[in-house]
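Take a look at the structure set out below.
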Amino acid sequence: MNIFDLKGRTALVTGGSSGLGQGIALGLAEAGADIISVSRTSSRETVEQARAYGVQAADIQADLSDHSQLEAVFQEALGLNGHIDILVNNAGIIRRTPAAEHSRQDWFDVINLNLSTAHFLSQLAGGHMISRGSGKIINICSMLSFQGGINVPGYTASKHGIAGLTKAMANEWASRGVQINGIAPGYMSTDNTTAIRENAARYESISDRIPAGRWGTPDDLKGAAIFLSSSASDYVNGHILCVDGGWLTR
């Protein structure tokens, strides 16, 4: 199964301090990748758990919504191992208000981090990867890359946008050795969904629709992330892989 082996590769994971980002980072570490987690808060727990797999791991604290910091963050990450082979654009926020009440600030904040930051980091990583003739970029999309959702217009727009960005960059960089794909998680038990899970009626209606009979966990994304980061996906480009327990089949 050498095609799934990530030994010798370095993965830069945004938002790796907790939740889905942490689950993905630890999955890549388990497959042999060195990990660099970039988050607003400390990723010490992620780093310690990753090192238990015998890989190198590091933590960079930064506000990724401040685009003036992005080049310095990328250069710092690049200086740790000398190369970035995998970029996972996971960092994101969600603001829940009805569309008619969704403030300009909420709109700009969500689009800025979820979409614009991913675009600018992909430019930085993509230039580096193209110069080396290989690389993998994974964008974390959503079921709301395909659906409208309720009370999350900014988030929905950002996740439709990240799916489109994935395809646009894939078209340009596929011939240059860089594969760009997305993972669209279904309903996951993370901090982002706490409000939904605490609403008993909403939680029940969502749970009843999931064919797998349960909500997902960060561990459920490990396999997809390893696949899209490894040589097993060298001819996969511009694809959005849904990890949703079958949600979209209904």
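The values are calculated or read from the model by the stated rules, or taken from the named source; none is laboratory data. Quick caveat, the model's predicted, so the values are computed rather than measured. In this analysis, Cβ positions are derived from the backbone assuming ideal geometry, glycine residues included, and neighbour counts consider all displayed protein chains. What goes into the accessible areas is simple: the full protein's heavy atoms, side chains included, and nothing from ligands, DNA or RNA. Shrake-Rupley method; radii C 1.70, N 1.55, O 1.52, S 1.80 Å.
Report the convex hull volume per residue for segment 108-194, counting only C-alpha atoms, in Å³.
With only Cα atoms used, segment 108-194 gives 95 Å³ per residue.
Keeping all protein chains in place, calculate the accessible area per residue for the chain (probe 1.4 angstrom), answer in Å².
Per residue, the chain has 45 Å² of solvent-accessible surface.
Just the number, please: carbon plus sulfur as a percent of the accessible area of segment 210-250, 1.4 Å probe, no ligands or DNA/RNA counted.
Here it works out to 55 percent.
Out of the GluC sites (Glu not before Pro) in segment 148-220, which ones are loop residues according to DSSP with at most 11 other C-beta atoms within 10 Å?
E198
May I ask for the equivalent-ellipsoid semi-axes of the chain, computed as the square root of five times each C-alpha gyration tensor eigenvalue and listed largest first in whole Å?
Whole-Å semi-axes of the equivalent ellipsoid: 28, 20, 18.
Determine, from the Cβ-Cβ distance of R40 and E172 and an R0 of 35 Å, the FRET efficiency 1/(1 + (r/R0)^6), rounded to the nearest 0.05.
The value I calculate is 0.70.
Along the Cα→Cβ direction, 7 angstrom out, place labels at N199 and I150. What is the inter-label distance in nm?
My value for the distance between the label points is 0.5 nm.
Restricting to segment 70-189, what percent of DSSP beta bridges are antiparallel, rounded to 5?
0 percent
Can you tell me the relative contact order of segment 103-250? Whole percent, Cα pairs under 8 Å, sequence separation 6 or more.
28 percent
Give the angle, between 0 and 90 degrees and rounded to the nearest 10, that separates the Cα long axis of helix 153-173 from the longest principal axis of the Cα atoms of the chain.
For helix 153-173, the angle is close to 30 degrees.
What order do T194, T41, T249, T10 take when sorted by accessible area (1.4 Å probe), most exposed first?
The most accessible residue leads, giving T249, T41, T194, T10.
Relative to the longest principal Cα axis of the chain, at what angle does helix 200-209 sit, 0 to 90 degrees, rounded to 10?
The angle comes out near 60 degrees.
Between C141 and residues 5 or more places away or on another chain, which pairs have amide H atoms under 5 Å apart, with H built 1.01 Å from N, and which residues are they?
Amide H neighbours of C141, under 5 Å, 5+ apart: I183, A184.
Could you tell me the distance between the Cα centroids of segment 103-130 and segment 50-77, to the nearest Å?
16 Å
List, in order, the whole-Hz ³J(HN,Hα) value for each residue of segment 233-250 obtained from phi through the Karplus relation with A = 6.51, B = -1.76, C = 1.60 and θ = phi - 60°; use x for Gly and Pro.
My calculation for segment 233-250 gives 10, 5, 10, 10, 8, x, 9, 10, 8, 7, 10, 9, x, x, 3, 6, 7, 10 Hz in order.
For a quick check of your reading of the filter: which chymotrypsin sites (Phe, Trp or Tyr not before Pro) in segment 211-250 sit in a DSSP loop and have no more than 12 other Cβ atoms within 10 Å?
Y235
Taking amide H positions as placed in the peptide plane 1.01 Å from N, state which residues far from I240 in sequence (5 or more) or on other chains have amide H under 5 Å from it.
Here the answer is G182, since their amide H atoms fall under 5 Å of that of I240.
Based on the Cβ-Cβ distance of D219 and E71, what FRET efficiency does E = 1/(1 + (r/R0)^6) give at R0 = 30 Å, to the nearest 0.05?
That gives a FRET efficiency of 0.35.
From the C-alpha coordinates alone, can you work out the Kirkwood hydrodynamic radius of segment 1-119, in Å?
Result for segment 1-119, one decimal place: 14.9 Å.
Using θ = phi - 60° and the Karplus relation 6.51 cos²θ - 1.76 cosθ + 1.60, list the HN-Hα couplings for segment 58-74 in order, rounded to whole Hz, with x at every Gly or Pro.
The phi angles translate into 9, 10, 10, 9, 7, 8, 6, 6, 8, 5, 5, 8, 5, 5, 5, 4, 5 Hz.
For segment 186-244 and segment 1-36, compute the distance between their C-alpha centroids and round to whole Å.
Centre-to-centre distance over Cα atoms comes out at 17 Å.
Rolling a 1.4 angstrom probe over the protein chains, ignoring ligands and nucleic acids, what is the accessible area of L228 in square angstrom, nearest 10?
Rounded to the nearest 10, that gives 0 Å².
To the nearest 0.05, how large is the calculated FRET efficiency for S131 and I111 if R₀ is 30 Å and r is the Cβ-Cβ distance?
E between S131 and I111, to the nearest 0.05, is 0.55.
Taking every eigenvalue of the Cα gyration tensor of segment 1-63, multiplying by 5 and rooting it, what semi-axes result, largest first, whole Å?
Over the Cα atoms of segment 1-63, the ellipsoid semi-axes are 20, 10, 10 Å.
Could you work out what % of the accessible surface of segment 46-162 is carbon and sulfur, using a 1.4 angstrom probe and leaving DNA, RNA and ligands out of the count?
C and S fraction of accessible area: 50 percent.
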